[in-house]
Amino acid sequence: MTTTRKFYLGFALAAVLIAGMLSYLASSHPDGLDSATLRGCESTETDAGETLTGSCIAQSATEHRMTSSPLADYTIFGSDSLSGVAGVIGVIATFAVAGGLFWLIARTRRQD
């Protein structure tokens, strides 16, 4: 096995391990954009879910059309206990797409 191939395999393994382990440590608190859109509102839990009172940008927000997808919100079917698995799936999907694109680009350049 060549040194380059060992490097890529080691890099991929490290990325998968980091995504799988660090996903469980991710914060559940809103990020900067979420907190900025909530300024001026107060969040209240009701039986129907969360409601916003006051005046803020978040009141006009709607659900994303992919909200019901299997990997929405960095979970698998809404299970927070599987966020590490969702992270690993994300890394593998990213490597697959990037690797496919790099392969196509390299193949096109070899033909020219």
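The values are calculated or read from the model by the stated rules, or taken from the named source; none is laboratory data. Model, not experiment: these values are computed from the prediction. Cβ placement follows ideal geometry from the backbone for every residue including glycine, while neighbour counts extend to all protein chains displayed. All accessible areas refer to the heavy atoms of the entire protein, side chains included, with ligands and DNA or RNA removed. Shrake-Rupley method; radii C 1.70, N 1.55, O 1.52, S 1.80 Å.
List of remarks:
- Cβ pairs under 8 Å, 6+ apart, first in the stretch 1-18 and within 18 Å of residue 84 (Cα to Cα), second at pLDDT below 95 and open to solvent by 90 Å² or more (accessible area, probe 1.4 Å): 16/92
- Residue 65 part of a loop (DSSP other than H, G, I, E, B), open to solvent by 80 Å² or more (accessible area, probe 1.4 Å), within 30 Å of residue 93 (Cβ to Cβ) and without any contact (Cβ under 8 Å) to a residue 60 or more places away in the chain: yes
- Test for residue 84: is it at positive phi and of a type outside the set (Lys, Arg): no
- In the stretch 31-46, the residue that is surrounded by the most Cβ atoms within 10 Å (Cβ to Cβ) out of those that are in a loop (DSSP other than H, G, I, E, B) and among the charged types (D, E, K, R) is 39.
- The stretch 68-99, subset among the hydroxyl-bearing types (Ser, Thr, Tyr) and assigned to a helix (DSSP H, G or I), residue nearest to the chain's Cα centre (by Cα): 74
- Filtered residue count, the stretch 1-30, keeping only those that are in a loop (DSSP other than H, G, I, E, B), open to solvent by less than 90 Å² (accessible area, probe 1.4 Å) and of a type outside the set (Val, Ile, Thr): 3
- The residues listed here are 54, 84, 49; of these, the one that is open to solvent by less than 60 Å² (accessible area, probe 1.4 Å), touching a Cys at 6+ places or on another chain (Cβ under 8 Å) and modelled with pLDDT under 90 is 54.
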